[in-house]
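The values are calculated or read from the model by the stated rules, or taken from the named source; none is laboratory data. In this text, all values refer to a predicted model and were calculated from it rather than measured experimentally. As a convention, Cβ positions derive from the backbone with ideal geometry for all residues, glycine included, and neighbour counts pool all protein chains shown. Areas reflect the complete protein model, heavy atoms only, side chains present, ligands, DNA and RNA absent. Shrake-Rupley method; radii C 1.70, N 1.55, O 1.52, S 1.80 Å.
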Amino acid sequence: MTTRQRKTVPDTIRTNGASPNPWWANAVVYQIYPRSFQDSNGDGFGDLKGITSRLEYLAELGIDAIWLSPVYRSPQDDNGYDISDYRDIDPMFGTLADMDALLGKAHALGIKIVMDLVVNHTSDEHAWFQASRDRQSPYADWYWWRPAREGCEPGTPGAEPNRWGGTFGGSAWQYDPVRGEYYLHTFSKKQPDLNWENPDVRHAVYDMMNWWLDRGVDGFRMDVITLISKRIDAKGHLPGEFGGDIEDEPVGEEGYSSPWPFSMDGPRLDEFLQEMRREVFAGREGYLTVGEGQGISPKRNEAITDPANNELDMLFLFDHMGVDQRGAKWNMVPLHLPDLKHAMAEQQDAVRSKGWASLYLNNHDQPRSLSRWGDTSSPELRVKSAKALGLLLHMHKGTPYIYQGEEIGMTNAGFTRLDQYQDLESINAYHQRVDEAHVQDAASMLESLAKVSRDNSRTPMQWDDSQFAGFTDPGAKTKPWLAVNANKSQINVDAECANPDSVLSFYRKLIALRHSDSVIAAGVFQLVDGDDECIYAFTRSIAERRVLVVVNVSSKSASLPVETSLLLVNGIDAEKVLIANEDSDALAAQVAKGKLSPWSAFAYQI
Ligand code: TEU
């Protein structure tokens, strides 16, 4: 077992306004996508025993907590984000005993475990939903059931209650012949939305959460939690039901309007979150709650995460992840750096004195940031830009999240054919856009998928250069569920572990710095030269201590902009470099010329 060096942020330094400072005030969280992390039984899917066997690796990396994507019992329509039993583990991942073993060992190593909580919807195979199909059942009102549009034959084309489309294709309404009505599904038709207006639903969710906390988990990452309160009128009607104003809603390229505006940050969100806080977390300590924050503005984030309001500890905001997308997520455009800086700065400014930010560039829904915004054209630039993006993110204020493989510089999958993809969103979008709505041709849609499909981040973790990258045994019964990236021979844990110049070693330093330096953990953020198109610079400060962060987010040599140059007017003193992806002499020479090499990045005490 490793002994962990970790200073906490002194309580005299304000983090989110809570006192004492919570443990996550200077923590780093690591996200595990269990299917793709480590397979222990050769079935081609990662599992809990696999994760347990890799905990020492994570302890050495230095992370404080794991966010575990869903491992509950599930038909796996959306890789576990469709849960059919909240109190059991899917056999694909193991058993409850395996979960207890994982918790026990993680805790012994000083690592907390935060479970994914998916309660905007269940699986259609969940017992609640099955019971709900009977109008006489006590569960009849647990989901959003609605009759066919007036004058239409139920179950026929166009008879859906309104024109909402599901996030994963087709209508957001599915007709159920047993009940003779439609149910709402914001995501796939196997993910019916729960009716949070019904107090029985809410209390069933709180009971389940308490059950997991009693079992030893340390908190929850709450899937699409900001969609739980839908905008209904006094009669309980959803917009557009039976005619109404949704007919005027813009219809997207694929012929549907979006239900999201009617559920993101809905009217009862604060009330539900406060109720959850009371019913689940009152009297408990040391947990973490982080919500997926679609539709939450930085200003609203400040309120929801202000400890005085008793809602959530932090949220994942989305605005900074959309800066290179236009309209549909499939329409990617090159990054215009000032857009990213301003989106991040707005989030940072809103948590200056109250509330808290979570920091991420990667997760299981996003393409790899290194392929998206870094430079993978040569091994040198790949390593340097991976470190630059890591430094950039980790020097902001908030709690950084590392998505598995990010710490070794994993890249997009490199798939070129539709049959290589497994993600339902990618496959459905292809058919809808290419075959049905004809908004993209096959070649351009394959290009879009190669850039932005969720499968880009879901390829197996690269542990070594063996056939299946150490994710599963070469002699395994089946191949990994998703192909291993061809670059596993260059990019893997084994190759990086002992190399002090690797991306992995750099991430260890980033994590250690957050633990030991309270300016990095809690310092006030100030953007510098916000409109510069290559250099991303900002300061972090507490009282007289001030750290300047400078990153060249480009593959060309860039001039240091005015304000940044002024802050560096005395040149670079090696002793004041907190962390950098180049040696101090090289940095000093660049700064002396007023230039920064491609992807150079450093944090400097000024
Ligand atoms: O994601 C919700 C979400 O808003 C998206 O990021 C979504 O996955 C999609 O990429 C939109 O284009 C959460 C989970 O993180 C995701 O994996 C699930 O599929 C989804 O909810 C449904 O549970």
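Please compute the contact order of segment 442-589 in relative form: average sequence separation of alpha-carbon pairs under 8 Å and at least six residues apart, divided by the residue count, as a percent.
12 percent
Would you work out the relative contact order for segment 523-605, in percent, from Cα pairs under 8 angstrom that are 6 or more residues apart?
Relative contact order comes out at 31 percent.
What base-10 log of the normalised intensity I(q)/I(0) is obtained for segment 334-406 from the Debye formula, alpha carbons as equal point scatterers, at q = 0.11, 0.14, 0.25, 0.28 Å⁻¹?
-0.30, -0.48, -1.28, -1.40
Sorting LYS235, LYS112, LYS509 by accessible area (1.4 Å probe), largest first, what list results?
Output order, biggest surface exposure first: LYS235, LYS509, LYS112.
With respect to the cross-link table entries LYS384/LYS593; LYS451/LYS488; LYS354/LYS509, which display a Cα-Cα separation exceeding 23 Å?
LYS354/LYS509
Looking at the P(r) of segment 523-605, how many percent of alpha-carbon pairs lie beyond 22 Å?
14 percent
In whole angstrom, how long is each semi-axis of the equivalent ellipsoid of segment 64-151, when you take the square root of 5 times every eigenvalue of its Cα gyration tensor and sort them from largest down?
They are 34, 13, 11 Å, listed from largest to smallest.
Which lysines, if any, have their Cα less than 23 Å from the Cα of LYS190, not counting same-chain residues under 8 positions apart?
LYS230, LYS329
Among 139-151, 516-528, how do they line up by average Cβ neighbours within 10 Å per residue, starting with the highest?
So the order, starting with the most tightly packed, is 516-528, 139-151.
Excluding residues on the same chain fewer than 8 positions from LYS105, give the lysines whose Cα lies under 22 Å from its Cα.
LYS49
When the scattering of segment 431-503 is computed by the Debye formula from its Cα atoms alone, each counted once and equally, what is log10 I(q)/I(0) at q = 0.13, 0.19, 0.24 Å⁻¹?
Debye output, listed in q order: -0.55, -0.82, -1.01.
How much accessible surface does ASP419 have with a 1.4 Å probe, in Å² rounded to 10?
110 Å²
When 1/r is averaged over all different Cα pairs and the result inverted, which Kirkwood radius in Å belongs to the chain?
With all distinct Cα pairs of the chain included, I get 25.1 Å.
In 10 Å bins starting at zero, report the fraction of Cα pairs in segment 115-204 per bin as a rounded %.
Distribution as computed: 18, 50, 28, 4, 0 percent.
When you count, for each residue, the other Cβ atoms within 10 Å and take the mean per peptide, how do 479-492, 438-451, 62-75 rank with the highest first?
Order by mean packing, descending: 62-75, 479-492, 438-451.
Count charges around HIS394 for me, please; just the other residues with Cβ under 13 Å from its Cβ, Lys/Arg as +1, Asp/Glu as -1.
Here the count lands on +3.
Normalised by the residues of the chain, what does the relative contact order come to in percent, with Cα pairs under 8 Å and at least six apart?
In percent, rounded to a whole number, it is 14.
On the accessible surface of the chain, probed at 1.4 Å, how many percent belong to carbon and sulfur atoms?
Answer for the chain: carbon and sulfur cover 49 percent of the accessible area.
Where q = 0.13, 0.17, 0.18, 0.29 Å⁻¹, what log10 of I(q)/I(0) comes from the Debye formula for segment 273-334, counting one point per Cα?
Ignoring solvent entirely, the Cα scatterers give -0.46, -0.65, -0.69, -1.23.
Nearest 20 debye, what's the magnitude of the dipole of the chain about its Cα centre given +1 on Lys and Arg Cβ and -1 on Asp and Glu Cβ?
That gives a dipole near 1460 debye.
Probe of 1.4 angstrom, ligands and nucleic acids ignored: what's the accessible area per residue over the chain, in square angstrom?
Result: 36 Å² per residue.
Simple spin-label model, 7 Å along Cα-to-Cβ: GLN526 to ALA18 in nm?
2.8 nm
Summing -39500 (n - 2.57) over the DSSP H runs of n ≥ 4 in the chain and dividing by its residue number, what mean residue ellipticity at 222 nm do you reach, to the nearest 500 deg cm²/dmol?
-7500 deg cm²/dmol
Beyond 19 Å, what percent of the Cα pairs of segment 225-371 remain?
Tail fraction, whole percent: 62.
Just to confirm a number: summing +1 for Lys and Arg and -1 for Asp and Glu over residues other than ASP532 whose beta-carbon lies under 15 angstrom from that of ASP532, what do you get?
-2
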